[in-house]
């Protein structure tokens, strides 16, 4: 089958989106490819189609458990077999999944990055018939990126053992980050051989709006009333999420909140209600949205400025995936700028503080010097800070840097699925007088669908089990709870916890390598990202879309015509503003260079740009 025939058969589409065909073609030709596609550009098809055209298994590395589960479910609905291995699974469960991947008829194995370096995973490498290594969220491999994750560096080591093409995908990478990704993923870093394919960053259907205001609640209500359809409102603070959702509800707007402090049942329920239209506006932290593909989001509002333009572009890009007019609105005021600078300072505690928290982390788990390597700790940040009298932000950033410097792995939001074990022998089950009729088909489904459940505690798929028993998920929870009270089963409800994995034995004071030179460089990079955000907020004479896509290194830019800047300036004023901006960004440029820029159609200036330029010269404005 051709790529187009595969697309038609499994997805029902007649044609590819922009850039998808070029990426697939490079992968099918056996080349390593780094593809930079904006959020909503259809990245999953870029590796799923070529994998289906090859013998073997595609190994997909992604840090997003929600995305793993979503894609595995979507593939299975299409009749394509897929598996996932991630934090929260026991060693026994991982062993079963890898065994199925090696010897079963599966096409996709999704793996979280921290699993790549484990002895169990590496023991299966020789029998996994891998045809592609897929690196999702590839910017995580670059220490210059905004979301560096050291576990991603295991992928480079993986290539030393598996000689297959790599398909690396990301929505946000500056030119510097893109080159760093290629360096880390190339078999020979001195001679990188990647094909770099970068889609245009323009999202012409999104109007970028920046509003300086004190009354953010009033502005948000105006947006909710003025724009039909569903929306997302991003905040940093969990409590503030709840307050803003309550404000919207009190004004008649269908809204709810979502953050990492909610239990799994609440989060899943609210996420599904929002996706299905039961909730119109989700007020949330950045814990929400990753891996969720809802095409008809009409507005995304940021209540306060983001930590980086990379994060903003990705989150704002969740609007308008169906191609219809949508809005990305950034609210801000002077206090927010002050807060950004405070956050930058808090994000870099002293190296002495980081070393102190390293020791406290081990002490809290009862780990003595020269022991602890390979241990996984369940970690409660709030309890840890309360016990040692620490500020939460200080502890958070210290632990994050301990991860970045290679001492630990930290999963702030590991998911532990519902687990069940049937304690009652099979022959005795039929003698029990069950209080609810649905308990009988529930137990039959458990025994049929989970071999070994009478010997081991096993994770269950609640939604599938509820469908088989003709029950709702909440009612399924009640049935399982009642069966556990009657001691028929052992039942551990789903949960989310933070996990810390120790890479080595506890080190003595003064022997912890915290790489001070690298730490200083990361501080400088963070300051640059902060400056870029501040410039975006305060620059009111250059098209918002131009500002964003220029930041990501795209040289050909055009006025979008629909952002707050474009709407506020008359055509001549906008041209004058662009000319002034060019001169500002190119100090020392000569008149001929500016003239050439004016008449280059790729720059999207109006036909009278040269005349405007000459008038500005005559007036001494340039």
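Any read-out appearing in this document is the output of simple, stated calculations on the displayed coordinates, not a laboratory observation. Since this is a predicted model, take the numbers as computed values, not measurements. FYI the Cβ positions are ideal-geometry reconstructions off the backbone, even for glycines, and counts take in every protein chain you see.
Just from its helices, what would the mean residue ellipticity at 222 nm be for the chain, if runs of 4 or more DSSP H residues each count -39500 (n - 2.57) and the sum is divided by every residue, rounded to the nearest 500 deg cm²/dmol? Working shown, then result.
Values: 26 runs with 272 residues, N = 622.
My calculation for the chain gives -13000 deg cm²/dmol from helical runs alone.
Going by alpha carbons, how many degrees (0 to 90, nearest 10) lie between the helix axis of 216-226 and the longest principal axis of the chain?
That helix lies at roughly 90 degrees to the long axis.
Distance in nm between label sites at residue 461 and residue 31, each 7 Å beyond Cα in the beta-carbon direction?
3.8
What is the spread of the Cα atoms of the range 538-618 along each of their three principal axes, largest first, in whole Å?
Over the range 538-618, Cα extents along the principal axes are 30, 27, 24 Å.
Nearest 0.05, what FRET efficiency do residue 383 and residue 584 give at R0 = 51 Å with Cβ-Cβ as r? If you can, show how the numbers build up before the last one.
Values: r = 51 Å, r/R0 = 0.99.
Efficiency at R0 = 51 Å is approximately 0.50.
Figure the gain on full extension for residue 103 and residue 322 (residue separation times 0.36 nm, minus the Cα-Cα span) and round it to one decimal in nm. Don't jump to the answer; show the numbers that get you there.
Values: separation 219, 0.36 × 219 = 78.84 nm, distance 3.92 nm.
In short, 74.9 nm is gained.
Once Rg and Dmax of the Cα atoms in Å is worked out from the coordinates, which option in (i) 35.0, 112; (ii) 22.3, 69; (iii) 26.5, 99 does it equal?
Among (i) 35.0, 112; (ii) 22.3, 69; (iii) 26.5, 99, the one calculated here is (iii).
Taking neighbour counts of Cβ atoms within 10 Å as a proxy for exposure, in what order, fewest first, do 9, 211 appear?
9, 211
Which angle between 0 and 90 degrees, to the nearest 10, do you get for helix 392-404 versus the longest principal axis of the chain when only C-alpha atoms count?
So the inclination is approximately 90 degrees.
Mind ordering 610-620, 274-284 by average Cβ neighbours within 10 Å, highest first? Could the numbers behind the result be given before it?
Values: 610-620: 13.9, 274-284: 19.7.
With the highest mean Cβ count within 10 Å placed first, the list reads 274-284, 610-620.
Mean shadow of the range 482-622, computed from the convex hull of its alpha carbons, in nm²? Numbers along the way, then the final one.
Working: hull surface 74.8 nm².
Reported value for the Cα convex hull: 18.7 nm².
Starting from the Cα of residue 246, step 7 Å toward the Cβ, then list every residue of the range 263-279 with an amide N under 20 Å from that point.
Within reach of a label on residue 246, which here means backbone N under 20 Å from a point 7 Å along Cα→Cβ, the range 263-279 contributes 263, 266-267, 270.
From the Cα trace of the range 329-465, what convex hull volume per residue do you get, rounded to a whole Å³? Let's see the in-between values first.
Working: hull volume 33.5 nm³, N = 137.
Cα-based convex hull of the range 329-465, divided per residue, equals 244 Å³.
Quick one: Cα centre-to-centre distance for the range 208-238 and the range 117-154, in angstrom?
Cα centres, the range 208-238 to the range 117-154: 38 Å.
Calculate the FRET efficiency for residue 363 and residue 570 from the Cβ-Cβ distance with a Förster distance of 56 Å, rounded to the nearest 0.05. Present the calculation step by step, with values, prior to reporting the outcome.
Details: r = 65 Å, r/R0 = 1.17.
Once rounded, the FRET efficiency stands at 0.30.
For the range 448-482 and the range 178-197, write down the distance between their C-alpha centroids in whole Å.
Value for the Cα centre distance between the two parts: 46 Å.
State, to one decimal in nm², a quarter of the convex hull surface area for the C-alpha atoms of the range 419-493, i.e. the direction-averaged projected area.
On the way: hull surface 17.1 nm².
The directionally averaged projection comes out at 4.3 nm².
So how do 514, 37 line up by other beta-carbon neighbours within 10 Å, fewest first? If you can, show how the numbers build up before the last one.
Values: 514 16, 37 22.
Ordered by Cβ neighbours within 10 Å, fewest first: 514, 37.
How would you rank 46, 224, going from fewest to most other Cβ atoms within 10 Å of each one's own Cβ?
Values: 46 26, 224 21.
Sorted ascending by nearby Cβ count, the order is 224, 46.
Pairs of Cα atoms under 8 Å, at least six residues apart: use those to get the relative contact order of the chain, whole percent.
Working: 975 pairs, mean separation 78.1, N = 622.
This gives 13 percent for the chain.
Going by average Cβ neighbours within 10 Å, how do the peptides 497-506, 55-64, 519-528 rank, with the highest at the top? Don't jump to the answer; show the numbers that get you there.
On the way: 497-506: 17.6, 55-64: 20.5, 519-528: 13.5.
Packing order, densest peptide first, comes out as 55-64, 497-506, 519-528.
Can you tell me the 0 to 90 degree angle between the C-alpha axis of helix 334-346 and the longest principal axis of the chain, rounded to 10?
In the chain, helix 334-346 runs at an angle near 60 degrees to the longest axis.
Can you tell me the length gained on complete extension of the stretch residue 512 to residue 524, counting 0.36 nm per residue apart and subtracting the Cα distance? Numbers along the way, then the final one.
Working: separation 12, 0.36 × 12 = 4.32 nm, distance 2.26 nm.
The span from residue 512 to residue 524 would gain 2.1 nm if fully extended.
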